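Visitor: Got a structure for you, written out below as C-alpha cells; questions coming shortly.
The values are calculated or read from the model by the stated rules, or taken from the named source; none is laboratory data. Quick caveat: nothing in here was measured; it's all calculated off a predicted structure. Reconstructed Cβ throughout: ideal geometry from the backbone, glycine too, with neighbour counts over all protein chains shown.
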Amino acid sequence: MLELFSRSPEGLTLAEDSHLTPLPIDEAAASLSAILLDEDYYAFLKSMVRDAGGIPVLNEAAIIPFKARAWLDLSWERDAGGKVDEKNIKKHRNDVARLLQVLSPEASYPLPETVAKDMRAFVELATAEVDYNPEQFKVNMTREDVADRIRAAYQL
C-alpha cells in the first residue's frame, strides 16, 4: 500500500464539497491512494516523518489520527447515503486500536487543533458503536481502554 499526501497547491481550486478525485491507474497499482490535506494535517504529517534509508515514512503515532479521520469520513459518507464498503470502515476503526499497541505507554503527541478535534470525535463516535470490541480482533483492550489510551497519547 502506498499513500501519497499533499497540501493544496496555490492556484488549485476545488469544487465546493469535493473531496475525492479519481486517479486512473492499472491493476498493478491498485493499492495507491493520494490524499489532499488541509494545512493542519499537512503540518502534523511533516512533523511526524522519519527517514528510513532516504525514504520519508510516517511514524505509527501519526498513522493513528489519519486512520481515525478516514473512519470518520467513511462513516459520515455512509450516514449521508453514500455507497461505502462497511468492511473498509471497520478496518480503519480497528487499525486505530491495533496501532495503539505499538505506542509507548508514556509517549505523548501534541496535535494541531483540527486534528485533535477529529480525534475527539473519533473517540466519542467509535466507542459508542455497539459492535466495537477490540478483543474480537485480538487487541487486548476494551473500547474504553482504546478511548483512554487515545486521550492520554494525544493530550485530548
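Visitor: Which residue pairs have Cβ atoms closer than 9 Å, lie 6 or more positions apart in sequence or on different chains, and pair a first residue in the range 127-141 that is in contact (Cβ under 8 Å) with a residue 40 or more places away in the chain with a second residue that is in a loop (DSSP other than H, G, I, E, B)?
Guide: If the second residue must be in a loop (DSSP other than H, G, I, E, B), the pairs left are Pro134/Asn140; Pro134/Met141; Pro134/Thr142; Val139/Gln101; Met141/Gln101.
Results for (1) at pLDDT 55 or above; (2) part of a loop (DSSP other than H, G, I, E, B); (3) surrounded by 14 or more Cβ atoms within 10 Å (Cβ to Cβ); (4) in contact with a Cys (Cβ under 7 Å, 6 or more places away or on another chain), shown as yes or no for each residue.
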residue	(1), (2), (3), (4)
Leu4	no, no, no, no
Thr13	yes, yes, no, no
His19	yes, yes, no, no
Leu23	no, yes, no, no
Ala61	yes, no, yes, no
Pro65	yes, no, yes, no
Leu72	yes, no, yes, no
Ser75	yes, no, yes, no
Gly81	yes, yes, no, no
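Visitor: Applying the selection to the range 89-117, what residues are assigned to a helix (DSSP H, G or I) and out of contact with any Phe, Trp or Tyr (no Cβ under 9 Å at 6 or more places or on another chain)?
Guide: Residues of the range 89-117 that are assigned to a helix (DSSP H, G or I), as a first pass: 89-100, 113-117.
If the condition is that a residue be assigned to a helix (DSSP H, G or I) and out of contact with any Phe, Trp or Tyr (no Cβ under 9 Å at 6 or more places or on another chain), then Leu99, Leu100, Glu113, Lys117 are the ones that fit.
Visitor: Based on this model, can you work out whether Arg93 counts as in contact with a helix residue (DSSP H, G or I) (Cβ under 8 Å, 6 or more places away or on another chain), among the basic types (Lys, Arg) and closer than 24 Å to Asp38 by Cβ? Steps first, please.
Guide: Numbers: in contact with a helix residue (DSSP H, G or I) (Cβ under 8 Å, 6 or more places away or on another chain): yes; among the basic types (Lys, Arg): yes; closer than 24 Å to Asp38 by Cβ: yes.
When the stated conditions are applied, Arg93 passes them.
Visitor: Can I ask one more? Can you list residue pairs whose Cβ atoms sit under 7 Å apart, with the first residue in the range 65-87 being in contact (Cβ under 8 Å) with a residue 40 or more places away in the chain and the second being of a type in the set (S, T, N, Q) and outside any helix (DSSP H, G or I)? Count only pairs 6 or more apart in sequence or on different chains.
Guide: Every condition considered, no pair remains.
Visitor: Which residues, taken from the range 137-155, are part of a helix (DSSP H, G or I), out of contact with any Ser or Thr (no Cβ under 8 Å at 6 or more places or on another chain) and modelled with pLDDT of 90 or more? First the steps, then the outcome.
Guide: Restricting attention to the range 137-155, the residues satisfying the condition of being part of a helix (DSSP H, G or I) are 137, 143-153.
If we keep only those that are out of contact with any Ser or Thr (no Cβ under 8 Å at 6 or more places or on another chain) too, we end up with 137, 145, 148-151.
Residues satisfying the conditions are Asp145, Asp148, Arg149, Ile150, Arg151.
Visitor: Take Ala30 and tell me if it is in contact with a Leu (Cβ under 6 Å, 6 or more places away or on another chain), surrounded by fewer than 17 Cβ atoms within 10 Å (Cβ to Cβ) and either at pLDDT 90 or above or among the hydrophobic types (A, V, I, L, M, F, W, C) (or both).
Guide: Working: in contact with a Leu (Cβ under 6 Å, 6 or more places away or on another chain): no; surrounded by fewer than 17 Cβ atoms within 10 Å (Cβ to Cβ): yes; either at pLDDT 90 or above or among the hydrophobic types (A, V, I, L, M, F, W, C) (or both): yes.
In short, no.
Visitor: Filter the range 100-130 for residues that are among the hydroxyl-bearing types (Ser, Thr, Tyr) and surrounded by 11 or more Cβ atoms within 10 Å (Cβ to Cβ); which is farthest from the chain's Cα centre (by Cα)? Steps first, answer last, please.
Guide: Here is the first cut: in the range 100-130, the ones among the hydroxyl-bearing types (Ser, Thr, Tyr) are 104, 108-109, 114, 127.
Pick out the ones that are also surrounded by 11 or more Cβ atoms within 10 Å (Cβ to Cβ) and you get 108-109, 114, 127.
Working: Ser108: 17, Tyr109: 15, Thr114: 13, Thr127: 16 Å.
Ranking the qualifying residues of the range 100-130, first place goes to Ser108.
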